[in-house]
Structure formats: structure tokens, C-alpha cells
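For reference, the structure discussed in these notes is given below.
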Amino acid sequence: MNNIKIAVVGLGTVGSNVVKSIESLNKSNKVNQKIQFEIIGISAKSKSKKRIIDINKYKWFDDPIDLFNFNFDVLIELIGTEKGISYNLIKKALNQNINVITANKALLAKYGNELFTIAKNNEVKLLFEAAVAGGIPIINLLKNSIFLNRINHISGILNGTTNFILSQMEKNNCTFDESLKLASEKGYAEQDPTNDIEGIDSAYKITLLSSLCYGIEINHNFSNYSGINNFDIEDIKYAKKLGYKIKLISESMLIDDQIYIDTSPKLINENHSLARVEGVLNAINIKTDHLKSLFIEGEGAGGKATSSSIIADLYELITSKKDSKLDSSLSNLKNIKSYDKNSLKRAYYFRILVKDQPGVLSKVTSILTSKNISIQTILQLNEEKINDKVPIILKTYETFEKNIQETINIISNENFIENKIVTLTIHN
Ligand code: HSE
């Protein structure tokens with residue numbers, strides 16, 4: 001490929017930045033002068049929307065399917081629908097031996113196995129650096145630099161919006177709703193932030209990372225998740241008293257040849273590298289048989305940062321050979337089972353609002369003892385007492401989730417309980 005013909009579909013913040021980046025590639029002395037990038041056509045929902053690029057320089061397609069009446073080498077898909085038009089365009093391109101670059105994590109998490117198989121059979125590439133953690137080159141790092149390491153554990157903050165919200169709640173004492181509103185005003189949150197705040201966006205991303213880390217088929221059903229919607233500022237405050245922060249952490253590991261994948265808000269020691277990741281940044285921590293701890297942090301969203309990953313994929317396209325690393329990293333994938341999360345031992349944080357009366361504390365501790373749960377720290381926060389109701393904060397040693405659920409069921413039925421019991425896992 002010397003003259004690389006590109007079609008760009010989807011011209012939101014990311015798409016417009018990608019066109020701008022491609023324009024500057026042709027002037028870069030770092031690209032072999034024999035190679036020219038040519039945008040043969042663009043398409044988006046609205047032609048009249050204000051953009052940072054002059055769309056009149058390019059051939060416009062109201063219907064992106066019409067692009068296939070022309071020859072091109074690469075489809076850059078930035079529409080981002082979970083199925084529908086994004087799926088149709090990507091599949092059509094791969095079936096016509098056209099390479100695809102996409103940022104569409106939802107689509108790959110759900111239909112990745114099928115689409116990567118088509119790409120492999122047709123000897124074209126389906127590249128997705130921009131789908132996980134925006135501008136952080138995590139895909140390239142996993143499939144090239146440390147591909148032959150045995151990965152023991154991967155964890156990360158993979159969603160900028162929720163990290164901004166949690167940081168805002170912690171630093172400025174804002175409620176969840178106030179912080180979400182600010183995230184929208186600053187343009188960090190998507191128009192519909194449901195996928196972000198419910199943990200779905202992060203769950204898609206850790207599904208994709210897990211496939212690369214462990215050489216397993218993409219199976220989004222294995223990705224457990226819960227989000228931070230309506231998260232209570234109290235827990236951030238109390239976690240701080242125990243020396244922890246609360247972050248939406250995605251993680252995955254192989255246990256007994258089965259895969260455990262989880263995204264949930266967790267307490268994390270304030271000295272852990274992930275705990276120090278603030279605002280809209282993303283970060284990833286990887287532990288391998290060769291590397292005790294590899295940590296990478298950067299912009300996880302935004303037009304310019306995400307565009308950096310798209311042009312990294314373009315670079316991979318022009319530099320890689322057909323039978324390249326990507327083909328080996330996304331073929332021969334193992335079909336394995338999901339690890340039963342009830343078998344996993346973790347330490348937990350509890351917040352219980354109780355009537356301040358004699359015998360309550362001993363009742364709580366005896367219920368925990370009856371479920372074989374050992375308490376590491378217990379705090380009764382008298383300074384937070386309102387109308388004879390006082391919060392009790394507990395940190396347990398590692399125990400099974402099943403024991404925690406049973407404990408919640410028993411304590412919830414006690415008449416000294418004044419509110420819903422909050423439990424969160426503690427990241428280790
Ligand atoms: N909305 C995501 C975030 C970026 O806030 O990190 C795209 O996945």
C-alpha cells in the first residue's frame with residue numbers, strides 16, 4: 001500500500017479529530033514520503049453540524065453504505081452503535097477485504113469473535129486501539145510488547161467520566177448528581193451517560209482486554225459489572241478514614257483455568273497507583289510472570305487522545321506484514337469457563353446505620369462471627385450521629401461473597417437497622 005485510501009464514517013469529536021490528524025500525516029517527516037493517506041469519502045448523521053474540519057474538502061456520503069461503490073483500503077468506523085449500521089459496515093468491509101479501524105468497544109465485546117474470524121479468513125485487519133482507554137496504547141502493548149508474558153492479573157480505571165465523578169465527590173464534597181452535571185457541562189460525559197455510570201462501558205473494555213491478556217474467546221457474558229449510579233458521598237468519606245479511596249475498578253484474572261472478570265466500585269488503598277489516578281484519566285496495572293507491576297496512565301477519552309490511537313492503528317496497517325502478530329494474538333483463542341465469583345475470597349467494607357442502643361455492636365459482630373467473617377477494623381462514628389442513629393463502618397478480612405450476602409440478609413432483618421446496608425469489595 002503506497003496510496004492509502006481511507007473512508008471515515010462518524011464525524012463526532014473523535015471522527016473530526018481523526019480527519020484532522022490524517023491531514024497532518026501527509027506532511028509528517030516521520031512517514032515515508034512514498035506513502036500518502038487519502039480520504040476518499042466521509043459520512044455522518046448530520047452534514048450541517050459545526051466541526052473542527054472543513055467537510056467540503058471531502059466527498060460526502062449521506063448513506064455510508066454508498067462508500068462501497070468506491071475503492072478503499074481502510075474503513076475507520078466511529079459511529080459507535082452496538083449493532084445496526086456499525087456492524088453492517090464493518091462486516092461488509094471485512095467481507096470485501098477492506099481493513100477496519102474502530103473505537104467501538106460495545107460492538108467488539110458482543111460480536112468480536114465473529115468479526116475477527118472474518119478478518120482472519122480474509123487476511124485483513126480489524127484494529128481497535130481506540131476502543132479501550134482512549135489514547136493509552138494498551139492494545140499494542142498487550143499484543144506486541146508483552147504478548148509472550150504470562151499475565152497474572154490486569155486491573156484498571158477504564159472510564160474517564162466515572163473517575164471524574166468520583167474524584168469530584170471526594171475532592172469537592174459534591175453529590176453524585178452535582179458531579180455528573182459538572183461532567184456533562186465540561187463535555188466529559190456522553191449525552192446519555194448510562195453506559196458510563198452503570199459500569200457497562202468499562203465492562204466492555206475489560207472484556208476485550210481479557211481476550212488479549214489470556215488468549216481467550218471474547219465472551220461479554222462473563223463480565224460482571226456494577227456502576228456508581230447514585231453513589232453515596234458518605235462512603236467516600238468513611239473509606240478515607242480507613243485510608244482508602246473509592247474507584248470504579250475493572251479487573252480480570254485466570255483462576256484454575258477459568259476466567260474471572262469484574263467491574264465494580266471498590267475501596268483501594270490510597271497509596272496504590274490506581275488510587276492516585278484523578279479526574280478523567282484512565283490507568284491500567286498489569287502483573288505478569290516477568291513484570292511485577294506495569295503501570296500506564298493517560299487520557300482515556302476525548303477527540304485528540306482517541307485520534308492518537310486511530311492513527312497508531314493506521315501506522316500498524318502500513319508497517320505490519322500479513323501474517324503478523326495481530327493474527328496470532330486473536331486466533332487460536334481458548335473457549336474457557338467463567339469462574340464462579342462466589343468462590344472468590346475478598347476483603348469487604350460494610351456501612352451499617354444502626355440505632356445507638358446497648359448491645360447493637362455485639363449483635364452485629366456475633367452475626368459476622370456466625371458467618372465465619374473475621375473483622376479487621378470496626379468504627380462507630382459518633383460524630384456522624386443524627387437522631388440516635390449512628391453509622392458503623394467495618395472492614396473484614398478476606399471471605400466469600402456468599403457469606404457477605406448471608407450476613408446482609410440476617411442484619412437487614414434486625415430491628416436496630418435504620419437503612420440499607422452498603423458493602424463494597426476492597427481491591428488488593
Ligand atoms: N465515555 C468514555 C469515558 C469514553 O468516559 O471514559 C469512551 O469509552
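Just so it is clear, none of the values below were taken in a lab; they were calculated from the coordinates. Only a predicted model underlies this, so the values are computations on that prediction, with no experimental measurement involved. We place every Cβ from the backbone using ideal geometry, glycine too, and count neighbours over all the protein chains shown.
Worth pointing out:
- Shown for Ser202, Ser155: other C-beta atoms within 10 Å of each C-beta, ranked fewest to most, produce the order Ser155, Ser202.
- Which of Ile4, Ile318 has the fewest Cβ neighbours within 10 Å, and the rest in rising order: Ile318, Ile4
- For the stretch 265-280, 3J(HN,Hα) computed residue by residue from phi via the Karplus equation (6.51, -1.76, 1.60; θ = phi - 60°) reads x, 9, 7, 9, 3, 4, 8, 5, 4, 5, 5, 8, 7, 10, x, 7 Hz, glycine and proline entered as x.
- Here Cys213, Cys174 are placed in order of increasing Cβ neighbour count within 10 Å, fewest first, which gives Cys174, Cys213.
- Point-to-point label distance, Ile375-Glu190, nm (Cα→Cβ direction, 7 Å offset): 4.2
- Result for the chain in a Gaussian network model with C-alpha springs under 10 Å: among Gly302, Gly15, Gly199, the largest mean-square fluctuation is at Gly302.
- Across the stretch 56-66, coupling constants 3J(HN,Hα) worked out from phi with the 6.51/-1.76/1.60 Karplus curve, θ = phi - 60°, read 5, 6, 10, 6, 9, 10, 5, 10, x, 4, 5 Hz, and Gly and Pro carry x.
- Whole-number percent relative contact order across the stretch 341-426, with pairs defined as alpha carbons under 8 Å at least 6 apart: 49
- Taken over the alpha carbons of the chain as equal point scatterers, the Debye sum produces base-10 log I(q)/I(0) values at 0.08, 0.13 Å⁻¹ of -0.50, -1.11.
- Structural descriptor for the stretch 138-297: relative contact order 33 percent, calculated from alpha carbon pairs under 8 angstrom and at least 6 residues apart.
- Cα-based helix-to-principal-axis angle, 303-319 vs the chain, degrees rounded to 10: 50
- Pairs spanning more than 28 Å between alpha-carbon atoms, out of Lys287/Lys420; Lys105/Lys143; Lys287/Lys341; Lys45/Lys171: Lys287/Lys420; Lys45/Lys171.
- Most mobile listed residue (Val124, Val277, Val364) in the chain, GNM with C-alpha springs under 10 Å: Val364
- For the chain, share of DSSP beta bridges that run antiparallel, in % to the nearest 5: 65
- Label positions at Asn335 and Asn221, each projected 7 Å from the Cα along the C-beta direction, are separated by 1.1 nm.
- Within the shell defined by Cβ-Cβ distances under 11 Å, the residues around Trp60 carry a net charge of 0, with Lys and Arg each +1 and Asp and Glu each -1.
- Highest-MSF residue in the chain out of Glu129, Glu418, Glu278 [GNM, Cα springs under 10 Å]: Glu418
- Note, ³J(HN,Hα) from phi for the stretch 357-365, Karplus 6.51, -1.76, 1.60, rounded to Hz, x at Gly and Pro: 9, x, x, 5, 4, 5, 5, 4, 5
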